[in-house]
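Visitor: Handing you this structure, nothing more for now.
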Amino acid sequence: MTPDALGELIRSRRTVNDFRPEPVVAELLLEAIELARWAPNHKHTEPWRFHLLGPETVAAIVELNTSLVAEKKGAEAAAVKRQRWSAVPGWLLVTSARGDDELRNREDYAATCCAVQNLSLALWNRGVGMKWTTGDVTRHPRFAEIVGLDIDVRDVVGLMWYGYPAKVPVSKRKPVEEIVEERP
């Protein structure tokens, strides 16, 4: 891949909110995970885990989220959210190792975020979009039960929705001059 092609891949990648219904083949997702694991990580801890979520688990998460939205925003908002979430073709949970050393936890979380970026770019390169969500549902104790997660051992980094984009959002970034500070 040329530097120009890499730059175009990075600049063109978008968070996708609307997906076409057809599923992504498992092999393509596993290829992207294979690339994700090459992210930099402190002391070679490889703290990430990729949890493939099947239809029963997804349905339970959708139900939990629907009830949380209903409590906060009412039945109508919950119904809209249920419909939207139920239409997502692919679900992947990404977690990071958790231990007693807070510095190591922070480093491992950061490394796992790098792995998620690799995952996102690898999928985008193959025409698959992704949304990285960290909403209230991922912090709810019932969520950990649904996905079989021991929160003393693993941190949720995000719930990844993936699929073929129904539409690709337009995005802008601040000019480089606005985000770079020089120090003497």
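Visitor: Over the chain, with a Gaussian network built from C-alpha contacts below 10 Å, which listed residue (LEU68, LEU159, LEU93) shows the highest mean-square fluctuation?
Guide: Looking only at LEU68, LEU159, LEU93, the largest GNM fluctuation is found for LEU68.
Visitor: Hey, with R₀ at 22 Å, roughly what FRET efficiency would GLU8 and LEU35 work out to, going by the Cβ-Cβ distance, to 0.05?
Guide: 0.80
Visitor: Further question on the same structure: Compare LYS131, LYS73, LYS172 in a GNM of the chain, Cα atoms joined below 10 Å, and give the one with the largest fluctuation.
Guide: Checking each option, the largest mean-square fluctuation is seen for LYS172.
Visitor: So, one more: Which value, in debye to the nearest 20, describes the size of the charge dipole of region 32-167 about its Cα centre when Lys and Arg Cβ atoms bear +1, Asp and Glu Cβ atoms bear -1, and nothing else is charged? Mind dumping the intermediate values first?
Guide: Working: 17 positive and 16 negative charges, 124 e Å.
For region 32-167, the charge dipole is close to 600 debye.
Visitor: Residue separation times 0.36 nm, minus the C-alpha to C-alpha distance between CYS114 and LYS72: what's the value?
Guide: Using 0.36 nm per residue and subtracting the Cα-Cα distance, I get 11.9 nm.
Visitor: How long is the gain from GLU181 to ALA79 if the chain were fully straight, where each residue apart is worth 0.36 nm and the alpha carbon distance is subtracted?
Guide: Here the answer is 32.1 nm.
Visitor: Pairs LYS72/LYS167; LYS131/LYS172; LYS43/LYS172: which exceed 25 Å Cα-Cα?
Guide: LYS72/LYS167; LYS43/LYS172
Visitor: Given the -39500 (n - 2.57) contribution per DSSP H run of 4+ residues, what per-residue ellipticity at 222 nm results for the chain, rounded to the nearest 500 deg cm²/dmol?
Guide: Mean residue ellipticity, 222 nm, calculated: -15000 deg cm²/dmol.
Visitor: Using the alpha-carbon centroid of each, what span in Å lies between region 1-31 and region 33-100?
Guide: Using only Cα atoms, the two centres lie 18 Å from each other.
None of the figures in this text is laboratory data; all of them are computed from the coordinates on show. Bear in mind the structure is a predicted one, so any value in this text is a computation, not a measurement. Note that we place each Cβ from the backbone using ideal geometry, even for glycine, and neighbour counts take in every protein chain shown.
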